[in-house]
1. How big is the antiparallel share of DSSP beta bridges in the range 17-266, given as a percent to the nearest 5?
2. FRET efficiency for Thr102 and His179, Cβ-Cβ distance as r, R0 = 45 Å, nearest 0.05?
3. So how much slack lies between Cys236 and Arg41, counting 0.36 nm per residue of separation and subtracting their Cα-Cα distance, in nm?
4. Who wins for biggest fluctuation among Asn164, Asn21, Asn124 in a Gaussian network model of the chain, springs between alpha carbons below 10 Å?
5. Out of Glu239, Glu177, Glu149, any idea which swings most in a Gaussian network model of the chain, alpha carbons joined below 10 Å?
6. Please report the carbon-and-sulfur percent of the accessible area for the range 17-266; probe 1.4 Å, protein heavy atoms only, DNA, RNA and ligands left out.
7. Measure out, as a whole number of angstrom, how far apart the alpha-carbon centroids of the range 60-74 and the range 89-126 sit.
8. Taking only protein heavy atoms into account and a 1.4 Å probe, give the accessible area per residue of the chain in Å².
Amino acid sequence: MGYKLASRKEKKDDTVITVGNSSVGGKQLAIIAGPCAVEDRDLFIEAAVKLKKTGVQMLRGGAFKPRTSPYAFQGLAEEGLKILAEAKRITGLPVVTEVMDTRDVELVAGYADVIQIGSRNMQNFVLLKEVGRGDRPVLLKRGLAATIEEWLMAAEYIMAEGNNQIILCERGIRTFETHTRNTLDISAIPAVKHLSHLPIIVDPSHAAGKWGMVAPLAKAAVAAGADGLIIEVHPCPGEALSDGGQSLNMVNFSLLMSQLRPVAEAVGRNCFDEAKNLVRQNII
Ligand code: PEP
Ligand code: MN
């Protein structure tokens, strides 16, 4: 076997990753939300404050963006990290952000509560080792064309360096289907639960590529046993500099949060309290 530390055989009980006041992998469903990229200070802070009210546990936003075209918006780099830090100060919510280059790991770790390794870097072994030497929890996205075993071996690279705090993230894989951006591999959830003790969350936004499909995929993921979700939300998706077409606006995201509660409870998970309040108070 190509992985040991990540294996369920090695450790029987579920790993729970604690981040600030929340945790991923326990009874609580963890919801991470925010724009694809940090684009602008005021926009991000506005989004962060509204997201806090919906009951999310963490904020997301990329400062270093892996764009397919070199001419597309590449992210605000350190300026973006500073905006994330301000949003964290204001809301008290931990932040998740991507690192793409070994030379930036120290910088990103100085601001991020959770370091994201994106799909395109899942087998960047040098980068995996570098975050493995640090002490920040790592959100490890599944590669675009990676098998579950290859993905777990990527996690093993991080763990072999001493960092056991890994959150796996299924975000859809490349198939022959073109209707969606990627095909969400729902079966990865029970498969990972069987093979590994690490928590697994789902990113329905990058799987679907279309905002209208995000809510049904999110609910399916929770029903199938995902430990959480990472969802792209933008105050004005039509004006987003990246991934606007798959981003929920604030109203649709709040609606989804309230719809997730009964699904989460049906599979024995605790859910955020704020979603209940939103419904009760008729805010959404
Ligand atoms: C992202 O989270 O914005 C991202 C680029 O994700 P992925 O690596 O899954 O494509
Ligand atoms: Mn994105």
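The values are calculated or read from the model by the stated rules, or taken from the named source; none is laboratory data. Values in this document were obtained by computation on a predicted structure and should not be read as measured data. A quick note on method: Cβ atoms are made from the backbone with ideal geometry, for glycine too, and the neighbour counts reach across all protein chains shown. Side chains included, ligands, DNA and RNA excluded: accessible areas come from the protein's heavy atoms. Shrake-Rupley method; radii C 1.70, N 1.55, O 1.52, S 1.80 Å.
1. About 15 percent, rounded to the nearest 5.
2. 0.80
3. 68.8 nm
4. Maximum among the listed residues: Asn21.
5. Checking each option, the largest mean-square fluctuation is seen for Glu177.
6. 53
7. 14
8. Result: 42 Å² of accessible area for each residue.
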